[in-house]
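What follows is calculated from the coordinates using simple rules that are stated; it is not laboratory data. Keep in mind the model is a prediction, meaning the values are calculated, not measured. Backbone-built Cβ (ideal geometry, glycine too); neighbour counts: all protein chains shown.
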Amino acid sequence: MGQVIVRYRDRPWWDVFVALTTFAVALVLYGTGFYAVSTSGQMPIWMLILQSAVLCVAQMFRKKAPLIVLGVATAILLADFAYGLTIPVIIVFVDLLFSATMNSPRTASRFILGSVIVIVLGVGVVTAALSLEWRNAFFNMINAFTLLVVPVWWAINVRQVTEIADAERANSRQLRKIAELDRRTAVAAERAQMARDLHDVVAGHLSAIAIQSEALLTMADRDPQLVKTVLKSVRENSIQSLAEMRAMIEVLRADGGPEDPRTAPARLAELDRLVDSARAGGLDLDVRRSEDTAELPVAVDMAAYRIVQEALTNALKHASGGVAKVEVRVDNEKLVVEVTNELTGAPGTGTGTGLVSMRERAHAVGGEFFAGPWHGGWRVRANLPIGGIAS
């Protein structure tokens, strides 16, 4: 029954239903004669029905104008008190007192509570003073307490519970919004990571294949040994590209179980493969790598490899046939990766995705990234911190 009331009490027709039900109960009480303790000295029945009708009309506005209808009910209660209280008037007054405490502003609710406490105490004092009998004063206070304080106290408790529930619901909605934003952020970050990986595969290996193939086709004097070297590099890049793409697809298809297949990520240990591919594409490459770069945190190692890969790919695009230099060393707890190349042709019309990818990889491990003109050529430099990065 309580669940039904909670379900329908906020409907616009609920107050009308309550008012009509209360008026029907009043008519039954008036018809059976059980509307008061003593019917002697009461107002005529038609006046009792009229005042009940007025009270029930007021009940229809108990949420829209709670204080006004409580004032109307109080006036009718005082008039009815002069002839002896009747049960229908008490029922409606208690309901309107509860509703006014529940739906009025907080200040008004406190005022109602203070007022009924003063009235109850006043009833006890006045009864004791007039009758000089403390038992009568006590029972009158109990009756007044039941009639006035109990519905107000109950309404305040219900109001507090309702406000707490509303706050919890609002907090729950806020938490759901935060969780949705976190989910979207995680999806966006994952997509960005996938975009970087795909770009590294496509721009690193496939671009090298395209450049080397184009260089091979445009050779005027096709030295068999050079052709063999270029074709070998093209084959290695194709195999590596397919392996990385296959590994990426397996990761996307996997459910995260311990038996999911994985391919070892690209590391600086495979730097010679990048160098051979770049040389096969026509770069005159000078590589300097210190021996203390063998044991690096995985995140730093992978980021350094991808940065070198992208930088050499750009050098192949914009400095084919020129001189380039790769330097990888450890300096003050930082892995320094530097790739410089001369510019042998007009600047390219790339989208800049490669630079963005390199910068994001450097920043992902807490490092710094620089790229721009350098002594008539182009330089890419990344400082990647080694300390504090988990391997």
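Cut-off is 10 Å between beta-carbons; in what order do Thr127, Thr344 appear when sorted fewest neighbours first? Don't jump to the answer; show the numbers that get you there.
On the way: Thr127 20, Thr344 14.
Going from sparsest to densest Cβ surroundings: Thr344, Thr127.
Full extension from Trp154 to Leu132: what is 0.36 nm times the residue separation minus their Cα-Cα distance, to one decimal in nm? Don't skip to the answer; put the middle values down first.
On the way: separation 22, 0.36 × 22 = 7.92 nm, distance 3.24 nm.
The Trp154-Leu132 span can extend by a further 4.7 nm.
Charges on Cβ only, +1 for Lys and Arg, -1 for Asp and Glu, centred on the Cα centroid of the stretch 267-391; of Leu335, Ala294, His318, which one is farthest towards the dipole's positive end?
Positive-most Cα among the choices belongs to His318.
Extending each Cα 7 Å along its Cβ direction at Val16 and Ser172, get the distance between those two points in nm, one decimal.
Output for this residue pair reads 3.1 nm.
Which order, highest average first, do 12-21, 310-319, 171-180 follow once you tally other Cβ atoms within 10 Å for each residue and take the mean per peptide? Numbers along the way, then the final one.
Details: 12-21: 13.8, 310-319: 24.0, 171-180: 10.0.
Result, highest mean Cβ count within 10 Å first: 310-319, 12-21, 171-180.
Indicate the gyration tensor shape class of the stretch 2-177 (rounded, prolate or oblate), computed on the Cα atoms with a ≥ b ≥ c the square roots of the eigenvalues: a/c under 1.5 is rounded; otherwise a/b larger than b/c is prolate and the rest oblate. Spell out each step's value before the answer.
Values: a/c = 2.57, a/b = 1.39, b/c = 1.84.
Cα axes put the stretch 2-177 in the oblate bin.
Would you list Thr22, Thr162 from fewest to most Cβ contacts within 10 Å?
Numbers: Thr22 18, Thr162 11.
Lowest to highest Cβ neighbour count: Thr162, Thr22.
5 Å is the cut-off here: which amide hydrogens, built 1.01 Å from N in the peptide plane, fall below it relative to Ile386, excluding neighbours closer than 5 in sequence?
Lys334, Leu335
Roughly how many nanometres apart are two label points built 7 Å out from the Cα toward the Cβ at Phe139 and Leu67?
That separation, rounded to one decimal, is 3.8 nm.
Hey, rough spin-label estimate for Thr185 and Ile87, points 7 angstrom out along Cα→Cβ, what's it come to in nanometres?
6.3 nm
Output ³J(HN,Hα) for the stretch 143-158: one whole-Hz value per residue in order, computed from phi by the Karplus curve 6.51 cos²θ - 1.76 cosθ + 1.60 with θ = phi - 60°, and x for Gly and Pro.
Computed from phi, the couplings for the stretch 143-158 are 5, 5, 4, 5, 6, 10, 6, 4, x, 5, 4, 4, 4, 5, 5, 5 Hz.
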